[in-house]
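Peer 1: Take a look at this one; I'll ask things after.
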Amino acid sequence: MAGRSGDERLAKKSYERELLRLQAELVKLQEWVRAEGARLVVVFEGRDAAGKGGAIKRVTEYLNPRIARVAALPTPTERQRTQWYFQRYVEHLPAAGEIVLFDRSWYNRAGVEKVMGFCTEEEYWQFLNQCPTFERMLIESGILLRKYWFSVSDTEQERRFRGRLEDPMRRWKLSPMDTESITRWEEYSRAKDAMFVHTDTPESPWHVVESDDKRRARINMIAHLLSAVPYRDVVRPEFELPARPPSEGYRRPPRDLQKYVPDHAATLEG
């Protein structure tokens with residue numbers, strides 16, 4: 001069912017059971033991509049603290065990093081700023097048999113760069129004009145492109161920011177951009193609306209993920225991705241472990257000749 005699900009949170013037990021089932025299907029999807037030589041691009045966009053990173057971690061948890069990789073590009077260099085805008089993203093597109101998940105993507109120009117004034121008005125409108133053509137070229141070349149927008153409410157976003165602020169293990173996730181996203185909430189909303197008007201096309205639509213409930217968001221996003229790719233179960237060749245051959249007299253060097261990691265775990269016992 002589309003739309004927000006109120007304050008009802010998906011139970012942890014139900015979440016973990018279904019997540020594991022979906023992750024098993026993602027492994028099948030990966031094997032299909034490898035066997036068919038397919039190229040899959042998944043774009044993750046949304047406001048800060050909307051849950052994109054957590055969803056990406058659950059998607060990739062059991063996948064082969066040689067097949068499925070995450071592209072999270074840093075701030076462009078001076079040289080990259082003089083290139084065609086899409087150029088540095090093209091370098092990260094998949095080859096045959098690969099999956100690339102963009103943790104933020106070329107849509108930075110329509111969001112952060114627009115709101116924060118990191119691009120000119122001419123560059124912004126040029127992006128909105130070129131983006132549908134760029135994505136059409138990707139699709140016509142055979143790339144499977146799926147785009148997800150993680151939607152979070154202002155109250156839930158602020159709650160997550162406060163949680164990061166109070167947690168030393170997650171404080172690194174906070175940045176000056178996060179505080180700006182609070183004070184510029186409506187500007188980001190207008191930028192997102194304009195982006196959808198220009199880039200939510202029939203051949204490359206946006207799929208909105210309601211993410212106030214992280215568990216529900218992850219399950220819904222992964223289930224949709226699996227339904228949106230025409231994969232099938234690929235039968236892999238059977239393997240048998242060979243019998244270990246008899247010893248030919250090998251002797252391991254004395255342990256005191258090597259440096260071992262101290263047994264820190266032993267200090268935890270008792």
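The values are calculated or read from the model by the stated rules, or taken from the named source; none is laboratory data. Keep in mind it's a predicted model, so treat the numbers as computed, not measured. Cβ atoms come from the backbone with ideal geometry, glycine included; neighbour counts cover every protein chain shown.
Peer 1: Can we say Tyr85 is surrounded by fewer than 18 Cβ atoms within 10 Å (Cβ to Cβ), modelled with pLDDT of 95 or more and not in a helix (DSSP H, G or I)?
Peer 2: No.
Peer 1: Listed residues Leu10, Leu40, Leu73, Leu22; which is hydrophobic (A, V, I, L, M, F, W, C), within 21 Å of Leu226 (Cβ to Cβ) and in a loop (DSSP other than H, G, I, E, B)?
Peer 2: Leu10
Peer 1: Go through segment 198-240 and give me each residue that's in a helix (DSSP H, G or I) and among the basic types (Lys, Arg).
Peer 2: Lys214, Arg215, Arg216, Arg218
Peer 1: Scan segment 151-181 residue by residue and report those that are exposed (fewer than 13 other Cβ atoms within 10 Å of the Cβ), part of a loop (DSSP other than H, G, I, E, B) and polar (S, T, N, Q).
Peer 2: Scanning segment 151-181 gives a single hit, Ser175.
Peer 1: Also: Name the residue, out of Ser247, Ser189, that is in a helix (DSSP H, G or I), exposed (fewer than 14 other Cβ atoms within 10 Å of the Cβ), without any contact (Cβ under 8 Å) to a residue 40 or more places away in the chain and hydroxyl-bearing (Ser, Thr, Tyr).
Peer 2: On inspection, the qualifying residue turns out to be Ser189.
Peer 1: Sticking with this one: For Thr60, which of the numbered conditions (1) within 30 Å of Ile182 (Cβ to Cβ); (2) of a type in the set (S, T, N, Q); (3) out of contact with any Leu (no Cβ under 9 Å at 6 or more places or on another chain) fails to hold?
Peer 2: (3)
Peer 1: Taking Met221 as meeting all but one of (1) in contact with a helix residue (DSSP H, G or I) (Cβ under 8 Å, 6 or more places away or on another chain); (2) over 30 Å from Leu10 (Cα atoms), write down the number of the exception.
Peer 2: (2)
Peer 1: For Tyr62, state whether it is over 23 Å from Glu123 (Cα atoms), aromatic (Phe, Trp, Tyr) and in a loop (DSSP other than H, G, I, E, B).
Peer 2: Answer is yes for this residue.
Peer 1: Pick out the one residue from Glu113, Glu98 that is under 22 Å from the mean Cα position of the chain (by Cα), over 16 Å from Val43 (Cα atoms) and either modelled with pLDDT of 95 or more or among the polar types (S, T, N, Q) (or both).
Peer 2: Going through Glu113, Glu98 in turn, just one is under 22 Å from the mean Cα position of the chain (by Cα), over 16 Å from Val43 (Cα atoms) and either modelled with pLDDT of 95 or more or among the polar types (S, T, N, Q) (or both): Glu113.
Peer 1: May I ask you to list the residues in segment 103-117 that are of a type in the set (D, E, K, R), touching a residue at least 60 places away in the same chain (Cβ under 8 Å) and under 25 Å from Val59 (Cα atoms)?
Peer 2: Arg104 - this is the single residue of segment 103-117 that is of a type in the set (D, E, K, R), touching a residue at least 60 places away in the same chain (Cβ under 8 Å) and under 25 Å from Val59 (Cα atoms).
Peer 1: Here's a follow-up. Which of the residues belonging to segment 125-150 are in contact with a helix residue (DSSP H, G or I) (Cβ under 7 Å, 6 or more places away or on another chain) and either surrounded by fewer than 18 Cβ atoms within 10 Å (Cβ to Cβ) or within 15 Å of Val43 (Cα to Cα) (or both)?
Peer 2: Hits for segment 125-150 are Leu128, Cys131, Pro132, Leu145, Arg146, Tyr148, Phe150.
Peer 1: Could you check how many residues of segment 35-59 are out of contact with any helix residue (DSSP H, G or I) (no Cβ under 7 Å at 6 or more places or on another chain) and surrounded by fewer than 19 Cβ atoms within 10 Å (Cβ to Cβ)?
Peer 2: 5
Peer 1: Could you list, ordered by first residue, the pairs with Cβ atoms under 8 Å in which the first is in segment 17-38 and at positive phi and the second is surrounded by 14 or more Cβ atoms within 10 Å (Cβ to Cβ) and modelled with pLDDT of 95 or more, at least 6 apart or interchain?
Peer 2: The qualifying pairs are Gly37/Gly97.
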